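One structure below.
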Amino acid sequence: MTSLPTIERDLYETERANNDAKVIELFKSLFPDTPVPYEYIFDMVRFLEETKVNARILPQVIRGIHNIVIGTGNGQVIVHVRTDTKNDECTMNVQNREQGETLEVKT
């Protein structure tokens, strides 16, 4: 019985680093003026690929965070997830809860 070939860890890490560098260069060419570090964009794409989360939810989460920041600066962005195992479907929605400033009332 023959065993499976062993992948050398150093070779894997080197190849991964080379591939990561190429992807970052690609993002630099696609988004030349973005203030977002290219590594963050790459991380988002990688996490979406690994987790299979629907990327359509992200703009709503980002907008919710933005709205709270430009508002009172206090609040929550809540992602509600419901999985229907019978139909193999998952529904998500985003809820923003902005909290107003605490008013100190002297009597």
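The values are calculated or read from the model by the stated rules, or taken from the named source; none is laboratory data. On a predicted model such as this, the values are computed, not experimentally measured, just so you know. Neighbour counts are summed over all protein chains in view; Cβ atoms, including those assigned to glycine, are modelled from backbone coordinates with ideal geometry.
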**Complete:** In region 45-74, anything over 19 Å from the mean Cα position of the chain (by Cα) and at pLDDT 90 or above is listed as I70
**Prompt:** Residues of region 6-16 being part of a helix (DSSP H, G or I), surrounded by fewer than 10 Cβ atoms within 10 Å (Cβ to Cβ) and of a type outside the set (K, R), which ones?
**Reply:** D10, L11
**Message:** Looking at the structure I just gave you, is T34 polar (S, T, N, Q), part of a loop (DSSP other than H, G, I, E, B) and either at pLDDT 80 or above or under 21 Å from L58 (Cα atoms) (or both)?
**Reply:** yes
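Yes/no matrix, rows are residues, columns are (1) closer than 27 Å to T83 by Cα; (2) in contact with a helix residue (DSSP H, G or I) (Cβ under 7 Å, 6 or more places away or on another chain); (3) in a helix (DSSP H, G or I):
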{"site": "N18", "(1), (2), (3)": "no, no, yes"}
{"site": "V23", "(1), (2), (3)": "no, yes, yes"}
{"site": "S29", "(1), (2), (3)": "no, no, yes"}
{"site": "I41", "(1), (2), (3)": "no, yes, yes"}
{"site": "E50", "(1), (2), (3)": "yes, no, yes"}
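One line per residue, one yes/no per condition, for (1) touching a residue at least 60 places away in the same chain (Cβ under 8 Å); (2) more than 29 Å from G100 (Cα to Cα); (3) exposed (fewer than 12 other Cβ atoms within 10 Å of the Cβ):
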| position | (1), (2), (3) |
| --- | --- |
| L30 | no, yes, yes |
| P37 | no, yes, yes |
| I41 | no, yes, no |
| M44 | no, yes, no |
| V53 | no, yes, no |
| P59 | no, no, yes |
| R63 | no, no, no |
| I68 | no, no, no |
| G71 | no, no, no |
